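Visitor: Below is one structure. I have some questions about it.
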Amino acid sequence: MKTYKIKSSDGILLHAEETGNPAGNSVLFIHGYSQCRLCWKKQINSKLTKNFRLVALDIRGHGLSDKPRDAYGDSKIWADDINAVINTLELEQPVLVGWSYGGAIICDYLRFYGEERISGINFVGATSKIGKPAMPFMGASCV
C-alpha cells in the first residue's frame, strides 16, 4: 500500500492510500462526514486490486488529513481537494465513488470541474445536496 500527502489549493495536506494494479482503471473512494478512508477497507482489500488502481482519501478534517478550522463551508474547496488528488496522483479518468457526504463532494467537483476528467460516478448511500431540502434524506438525527 502506498500512502500520500497531497497539497490542496489552500495548502492543507490530504492523506490518501493507494493499492491495486497501477496500470488498471482508477477508482477514487470518498467517504462521508465523521468517517475516514478505512470505511473502504473491504473494497481496498478485495479482488478489485487485481484489475483496478484503488485510492481511498481521507477528506479534509478527517482521518490523517489536516484539520483546518474554517475551511469547510466553501464547496469550491471540496472540489479543489478532489482535483488535487486526481492531478497529483495522475489518475486517468477515475470513477469517483462517494458514500454519504462523499456524494455531495462529488457534486461539488462536477459543479466546478465538470465531467471531462472522470469516467463515472457511483453514489453509495450518498447525498447529493445539503441544507433544508436535503434534511428528510439525512434522517431525524441530523435535524
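Visitor: Which residue is farthest from the chain's Cα centre (by Cα), if the candidates are limited to the range 31-45 and must be surrounded by fewer than 19 Cβ atoms within 10 Å (Cβ to Cβ) and assigned to a loop (DSSP other than H, G, I, E, B)?
Guide: So, considering only residues that are surrounded by fewer than 19 Cβ atoms within 10 Å (Cβ to Cβ) and assigned to a loop (DSSP other than H, G, I, E, B), the one farthest from the chain's Cα centre (by Cα) is Asn45.
Visitor: Given the conditions (1) open to solvent by 40 Å² or more (accessible area, probe 1.4 Å); (2) farther than 16 Å from Trp99 by Cβ, report the number of the one that Ala71 does not fulfil.
Guide: (1)
Visitor: Name the residue, out of Leu48, Leu57, Leu28, that is on the phi < 0 side of the Ramachandran plot, in contact with a Pro (Cβ under 9 Å, 6 or more places away or on another chain) and open to solvent by less than 80 Å² (accessible area, probe 1.4 Å).
Guide: Leu28
Visitor: Six or more apart or on different chains, Cβ under 8 Å: which pairs go from a residue in the range 78-102 that's in a strand (DSSP E or B) and open to solvent by 10 Å² or more (accessible area, probe 1.4 Å) to one that's modelled with pLDDT of 95 or more and among the hydroxyl-bearing types (Ser, Thr, Tyr)? Could you list them?
Guide: Val95/Ser26; Val95/Ser119
Visitor: I would also like to ask the following. Pick from Arg53, Arg69, Arg60: which is of a type outside the set (A, V, I, L, M, F, W, C) and in a strand (DSSP E or B)?
Guide: Every option except Arg53 fails the conditions.
Visitor: Of the residues Cys142, Cys107, which is under 17 Å from Asp74 (Cα atoms) and either at pLDDT below 95 or under 15 Å from the mean Cα position of the chain (by Cα) (or both)?
Guide: Cys107
Visitor: Let me confirm something: among Ala16, Ala79, Ala71, which residue is at pLDDT below 95, within 24 Å of Gly114 (Cβ to Cβ) and hydrophobic (A, V, I, L, M, F, W, C)?
Guide: Ala71
Visitor: Taking only pairs six or more apart or across chains, which ones have beta-carbon atoms under 6 Å, a first residue in the range 33-48 that is over 15 Å from Ala126 (Cβ atoms), and a second residue that is open to solvent by 50 Å² or more (accessible area, probe 1.4 Å) and of a type outside the set (Lys, Arg)?
Guide: none
Visitor: I've got another one for you. Just to verify a result, which residue in the range 1-13, among those that are in contact with a Ser or Thr (Cβ under 8 Å, 6 or more places away or on another chain), at pLDDT 95 or above and farther than 15 Å from Trp78 by Cβ, is most open to solvent (accessible area, probe 1.4 Å)?
Guide: Ranking the candidates gives Lys7 first.
Visitor: In the range 112-139, which residues are modelled with pLDDT under 95 and in contact with a Lys or Arg (Cβ under 9 Å, 6 or more places away or on another chain)?
Guide: Residue satisfying the conditions is Phe137 alone.
The values are calculated or read from the model by the stated rules, or taken from the named source; none is laboratory data. Keep in mind that what you see is a predicted model, and the values were worked out from it rather than measured. Reconstructed Cβ throughout: ideal geometry from the backbone, glycine too, with neighbour counts over all protein chains shown. Just the protein is used for accessible areas: all its heavy atoms, side chains included, with ligands, DNA and RNA removed. Shrake-Rupley method; radii C 1.70, N 1.55, O 1.52, S 1.80 Å.
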